[in-house]
Amino acid sequence: MDYKELMNQAVEIRKRAYTPYSGYQVGAALLTKAGTVFCGCNVENAAYSPGICAERTAFVKAVSEGEREFSAIAVIGGKADGPLESAPPCGICRQVMREFCDPDTFEIILGTGPEDYQVYTLSQLLPMSFGPDNLRNQETV
């Protein structure tokens, strides 16, 4: 799948976002290494912290279906009544990506639409990250 189509899917799922408080809608389309796409949108909550970002929604859906290998995610945002805009993942979402993705090969597509986007690796957006490898092969005391 090309990244233009992945961005299109992020744009479409963004329309389903539940954002009665901020009005800021985000859509994410997560591509597995097998070629399957899992989409997610942000869902707000009056208590704020129970809300979930679009990126984590997509990862949770994919992982709950047994997927563990991912190659890319397209993310796009913007106010419900405004233009589309680049919506870089928050720190929590970047850390969730790090749990499942190789930081040097997993790609994050950000932009204002299917015709205008940039591609970053996870290591570019989360340098010096802490991940599963930090906890593996550790001697127990």
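Keeping to the stretch 97-120, report how many residues are of a type in the set (V, I, T) and surrounded by fewer than 16 Cβ atoms within 10 Å (Cβ to Cβ).
2
Go over the candidates Y120, Y48 one by one and state the one that is at pLDDT 95 or above and hydroxyl-bearing (S, T, Y).
Matching residue, one of Y120, Y48: Y120.
Name the residue, out of M128, M97, that is among the aliphatic types (A, V, I, L, M) and free of Cβ contacts under 8 Å to residues at least 12 places away in the same chain.
M128
Within the stretch 72-94, can you find the residues that are among the small types (G, A, S) and either crowded, with 17+ Cβ neighbours inside 10 Å or free of Cβ contacts under 8 Å to residues at least 40 places away in the same chain (or both)?
If the condition is that a residue be among the small types (G, A, S) and either crowded, with 17+ Cβ neighbours inside 10 Å or free of Cβ contacts under 8 Å to residues at least 40 places away in the same chain (or both), then A72, A74, G77, G78, G82, S86, A87, G91 are the ones that fit.
Collect the residues in the stretch 14-65 that are in a strand (DSSP E or B), over 17 Å from S86 (Cα atoms) and among the aromatic types (F, W, Y), keeping them in residue-number order.
Y18, F38
Based on this model, can you work out whether V75 counts as part of a strand (DSSP E or B), hydrophobic (A, V, I, L, M, F, W, C), over 30 Å from R136 (Cα atoms) and in contact with a Pro (Cβ under 8 Å, 6 or more places away or on another chain)?
Here the answer is yes, as V75 does meet what is asked.
The values are calculated or read from the model by the stated rules, or taken from the named source; none is laboratory data. This one's a predicted model, so the numbers in the text were calculated from it and none came from an experiment. Glycine also receives a Cβ, built like all others from the backbone with ideal geometry; neighbour counts cover every protein chain displayed.
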